[in-house]
Every structure is written in C-alpha cells, then in structure tokens.
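Here is the structure we will look at, set down as structure tokens.
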Amino acid sequence: MKTSSPTYKPALRWNGLTRFYDQIMALTMREDRFRMLLLDPIRDQKPRYVLDVGCGTGTQALLLHRLFPDASVFGLDGDETVLAIARQKHAHAGWPVTLEQGLSTALPYPDGSMDIVTCSLLLHHLSDTDKKQSIREMWRVLIPGGALALADWGKPANDAMRLLFYGLQLFDGFDTTRANGRGLIPNMLYDGGFRQITQTGQVNTLFGTMALYYAVKPTYINQTTIR
C-alpha cells in the first residue's frame, strides 16, 4: 500500500529528521520506561500472532519478538524510509519479524487474525477521523478477547507538562493533538468497540505526558458494541 494519503506525516514530521528518530526517542522520551509499562499488561499472554501498528524503526517489534519468541510478529508503517531503518536493525539482530508498508486506516490483515496489537505514538499524527478509523481497524484485526496495548500523548499531568505539550503541538499541529491533550483517547477506544479499557500508567517526558492504555475486544459482540 502506498503512502498517498494527504494526512500522512513521517514520524518526526519531516523526512530529513527520520534518521535521528532513535536518538531523539532515547534522549527525550524515557523510552525504556514507557515501553516497559506498555508491555507489562500483555507479557503473561501466549499469542500466536502479534502486530505493531506504526512500528517506526522497529524497536517495539523487536521487543515483542523477545517477549513472545514463539509468535509471528508483524510491524506495519506507512513510511518506507523509516521501515528501511527497521529492516537494517532487524537484519542485524537476526530476528524474524515481518515488516510491511501500509496505513493504520486500512490494515492489510484479515478480520480476527491477531491475538495482540500494539501501537505507540501514532494516533497524535492523525486527524480525529483517522484516529477513529485506525482504532476500528485495530479492533477488526483482533480476535475476540484479543488485547490492544496503546501508548500516546494524554492529558498533561501538571502545568509543566501542559507547557511542554504546547511545544509539541506547535511542532506536530494542534488539530491532530487536541484530542490527546483533552484525554479523549479512551472515549475513542470505547466508541471503537473496545472494553476493559484501563490506563495502565503515565510517563512525563520532555514533550508532555504519555499515557499507556490496555483494552480488550469483547468475546461477545452485539450490535451496540461498536458505533
């Protein structure tokens, strides 16, 4: 799938910054901490198929393979430049992770094909319409009872985090980050069909407060579960 959508943005907004993505994450995002909190709620599961949506340079996909060595792990991103970095990292590690190009609004996987889906720092790049569509797509590809582990910007924890998040909004855009700053991601997850929605932690960073969420696709689906 080609990245022809006019709403698509590279991970750091401009392609020229992509090569610095891993360094910026390490220096500013307390990356080890937030990825540990993200994976904690799913680490005791035994999935067969795991998908990381918006996999970027592949760091999280590698962690998922390490956590679930018997599972088939897939990473999907819309940016071929960032995927090239991910492929280099994965080839060096020698781990069999399948990396594919595609968009979160139209995941190229069958209904009910994944046991676990993870997604980090993707939704704040998307319009509210594309956020909701991406959540519906993650719900669609999960098996009934499957789990979503999600990390993205949340409501700032204090005035200092509010000020830092304002700086991020100047960089990434106010339209795509407004729902995050208002703490509306759990509402979108609920409207997208997920239940047992829990904020499992938060991490204060140099760009604001990151929120970690865990949610489940119900095993019984009725007409009102997804709107």
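The values are calculated or read from the model by the stated rules, or taken from the named source; none is laboratory data. If you're wondering where the values come from, they're calculated on a predicted model, not measured in any experiment. Every residue, glycine as well, gets a Cβ built from its backbone with ideal geometry; the counts of neighbours run over all protein chains shown. Remember, those area values only see protein heavy atoms, side chains included, never the ligands or the DNA or RNA. Shrake-Rupley method; radii C 1.70, N 1.55, O 1.52, S 1.80 Å.
Summary table
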| item | result |
| --- | --- |
| Residues of region 51-73 that turn out to be hydrophobic (A, V, I, L, M, F, W, C) and crowded, with 24+ Cβ neighbours inside 10 Å, as a count | 6 |
| Residues within region 179-201 that are in contact (Cβ under 8 Å) with a residue 40 or more places away in the chain and open to solvent by less than 90 Å² (accessible area, probe 1.4 Å), tallied | 12 |
| First in region 30-59 and among the acidic types (Asp, Glu), second anywhere and in a helix (DSSP H, G or I) and surrounded by 24 or more Cβ atoms within 10 Å (Cβ to Cβ), Cβ under 9 Å, 6 or more apart | Asp52/Gln60; Asp52/Ala61; Asp52/Leu64 |
| Some residue of region 78-97 being surrounded by fewer than 20 Cβ atoms within 10 Å (Cβ to Cβ), modelled with pLDDT of 95 or more, of a type outside the set (Asp, Glu) and at negative phi | no |
